[in-house]
Amino acid sequence: MPGAPVSVRLPRALAAPAPGWTTSADVIVVGSGIAGLTCALRLRERVDRVLLVTKTVLDEGSTAWAQGGIAAALHPEDSPEEHLEDTLVAGVGLCEREAVEALVTEGPRRVRQLVALGAEFDRDAEGEIKLTREGGHHRDRIAHAGGDATGREISRALIAALDRVRDDPGIEVVEHALVVDLLDDGAGRVDGVTLHVIGEGQLDGVGAAYARAVVLATGGLGQIYTSTTNPPVATGDGMAAALRAGARMTDLEFIQFHPTVLFLGEGSTGQQPLISEAVRGEGAFLVDGSGHRIMEGRHELADLAPRDVVARAILETMRDQGTDHVFLDARHLGAAFLEERFPSIVASCRSLGFDPSTDLLPVAPAQHYASGGIATDLRGRSSLPGLYACGECSCTGVHGANRLASNSLLEGLVFASRIASDIPARIADGELPEPRPVTPMRAGGDGAGPGALLDNSQRLTVQRAMTAGSGPVRSAESTAATAQALADLAALPPSTAEPGPKTWETTNLLHLGQVLTELAHRRAETRGGHVRSDFPERDDARWLVRQSVVVAPDRSLTVTERSMP
């Protein structure tokens with residue numbers, strides 16, 4: 001397979017001050033989305049002490065931004081088998097079947113447990129949970145709350161459950177805590193993290209937190225692109241820390257670009273307003289500037305085709321017609337229905353000068369979800385002893401080459417619960433011993449160079465390079481150009497950047513961008529969320545494989561391929 005035009009070597013750790021404080025717990029959970037909160041709450045019942053740390057405050061992660069809902073076979077006429085089949089089709093041959101089976105089989109029970117915990121989903125006149133449909137689903141199986149505020153309701157319910165046990169000495173919450181790097185015991189087992197905490201007293205600045213096991217639930221890497229639906233905190237910190245520590249990463253090239261993100265004009269960057277797929281599930285459709293329906297004749301599900309199919313159709317239309325957006329037509333649904341079913345979306349659009357009930361909405365694809373991440377098994381274990389991962393930062397194999405709509409919240413819920421069962425059992429069996437604090441790895445001490453940081457002033461340069469070359473449409477030429485641009489940034493003099501949260505975030509984006517671009521360059525075909533203009537067809541004969549990468553002891557990348565059945 002083709003290699004990237006420049007070699008990539010990553011440091012073992014980021015340049016950072018020596019830890020000024022220490023703390024410990026049985027388990028450290030990093031992240032406060034559906035995965036992190038679920039895992040921490042369940043672990044609290046089974047181990048002596050859980051430390052939950054989150055980057056800003058508890059409700060500012062990606063979960064709260066999830067509009068559409070959570071997918072599960074809750075209707076009597078639906079079945080896990082049908083949900084399985086829809087997921088496998090969306091994943092274009094690269095899903096791990098056992099992982100999908102776990103997701104769809106355990107999903108309904110976990111959603112009902114969320115309800116028992118206090119999550120209030122929208123209900124019909126008979127009191128049953130309302131279900132709608134999104135792209136790639138052949139059944140109505142998307143449960144939603146507040147019309148289009150499902151993630152926020154789930155986040156509220158989980159945080160309320162956490163608040164009820166805040167006085168429990170068995171769980172401690174630290175907000176405004178950025179994970180810098182992982183710690184190990186000197187024998188290859190992860191036994192903690194270095195954290196930068198913006199706080200008072202002892203927990204302030206950089207410190208070391210030790211534990212029998214670390215669970216990363218740190219979300220995605222959306223800020224690696226100029227336009228994304230992800231919140232500002234999505235800078236891939238957990239993924240990057242695991243990558244530098246030597247954890248196996250899988251499927252990083254598969255980035256999902258959501259088809260319908262409100263287009264705010266050329267040059268608009270950062271988090272962009274998402275128009276949920278559920279709007280199309282209720283009957284809205286895509287049109288070009290002449291009013292022609294884009295998805296007619298392209299797929300049996302038309303506007304509800306899988307996201308990669310719809311995004312590709314939009315990109316082709318934009319290319320052929322020389323435009324930078326298309327339109328979503330929801331006018332026929334009427335103001336009353338739209339305001340009741342999608343109150344948040346309607347309010348957001350109107351605040352930006354668009355009324356879905358009277359206007360065509362300009363839309364274009366933007367980065368939405370990372371289907372790949374830290375490779376885990378069915379119990380959430382990574383390739384590094386003591387390290388677990390769940391949620392968007394992980395790669396369970398559920399999503400394959402393209403995530404099925406609304407499977408992400410379910411994945412976080414199901415696999416966080418699996419982790420919370422596995423860790424206590426392993427502690428009881430003596431498999432996860434007490435941590436042995438050692439001197440944290442200092443960047444540059446392992447032949448990997450000075451562990452140089454990239455100053456935050458270069459963040460937009462990283463984002464533009466990634467969008468241009470490793471964005472929604474890629475080629476050998478574009479990925480090579482991006483690889484070179486990122487290599488040039490990595491080679492900047494280390495004295496140009498001072499350690500700190502923004503600099504660490506930007507460096508994390510650089511490291512992940514380098515690895516993602518390497519894998520995107522190697523995958524010479526189009527599949528799922530990966531679109532190659534120079535190899536436009538899916539090629540099962542050559543590329544029915546999953547790519548994984550590990551940072552080798554000499555800090556270079558080792559890429560492996562595994563053929564799928």
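The values are calculated or read from the model by the stated rules, or taken from the named source; none is laboratory data. These figures come from a predicted structure and were not determined experimentally. Cβ atoms come from the backbone with ideal geometry, glycine included; neighbour counts cover every protein chain shown.
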Problem - Count of region 67-78 residues which are buried (at least 16 other Cβ atoms within 10 Å of the Cβ) and either small (Gly, Ala, Ser) or at pLDDT 95 or above (or both) - result: 8
Practice task
Specify the residue that is surrounded by the fewest Cβ atoms within 10 Å (Cβ to Cβ); the eligible residues are those in region 299-318 that are more than 19 Å from ALA405 (Cα to Cα) and not hydrophobic (A, V, I, L, M, F, W, C).
Solution key: GLU316
Problem - region 8-30 residues that are closer than 19 Å to THR218 by Cα, paired with ones that are assigned to a loop (DSSP other than H, G, I, E, B) and hydroxyl-bearing (Ser, Thr, Tyr) (beta carbon under 6 Å, 6 or more apart) - result: VAL30/THR218
Completion exercise
LEU410 meets each of (1) closer than 30 Å to ARG212 by Cα; (2) not in a helix (DSSP H, G or I) with one exception, condition (2)
Exercise for the section: Filter region 232-269 down to residues that are without any contact (Cβ under 8 Å) to a residue 60 or more places away in the chain and either assigned by TED's automatic domain parsing to the domain that holds VAL551 or touching a Ser or Thr at 6+ places or on another chain (Cβ under 6 Å) (or both), then give me how many there are. Expected result: 0
Problem - Condition check for GLY147: at pLDDT below 95, at positive phi and touching a helix residue (DSSP H, G or I) at 6+ places or on another chain (Cβ under 8 Å) - result: yes
Completion exercise
Residue pairs within 9 Å by beta carbon, gap of at least six or interchain, first lying in region 281-292 and at pLDDT 95 or above and among the β-branched types (Val, Ile, Thr), second surrounded by fewer than 18 Cβ atoms within 10 Å (Cβ to Cβ) and assigned to a loop (DSSP other than H, G, I, E, B), listed first then second, are VAL287/LEU360
Practice task
Please enumerate the residues belonging to region 16-33 that are outside any loop (DSSP other than H, G, I, E, B) and among the polar types (S, T, N, Q).
Solution key: THR22, THR23, SER24
Completion exercise
Of (1) of a type outside the set (A, V, I, L, M); (2) under 13 Å from the mean Cα position of the chain (by Cα); (3) at pLDDT below 95; (4) closer than 19 Å to GLY246 by Cα, SER406 satisfies every one except (4)
Completion exercise
Counted residues in region 338-362 being among the basic types (Lys, Arg) and within 27 Å of the chain's Cα centre (by Cα) come to 1
Practice task
Taking the options TYR210, TYR225, name whichever one is among the hydroxyl-bearing types (Ser, Thr, Tyr) and under 29 Å from GLY270 (Cβ atoms).
Solution key: TYR225
Handout entry: Unique match (being surrounded by fewer than 24 Cβ atoms within 10 Å (Cβ to Cβ), at pLDDT below 95 and not in a loop (DSSP other than H, G, I, E, B)) among ALA448, ALA443, ALA452, ALA468
Key = ALA468
Practice task
All but one of (1) in contact with a helix residue (DSSP H, G or I) (Cβ under 9 Å, 6 or more places away or on another chain); (2) assigned to a strand (DSSP E or B); (3) among the polar types (S, T, N, Q) hold for THR560, so report the exception by its number.
Solution key: (1)
Handout entry: Filter pass, GLY93 being under 29 Å from THR526 (Cα atoms) and part of a loop (DSSP other than H, G, I, E, B)
Key = yes
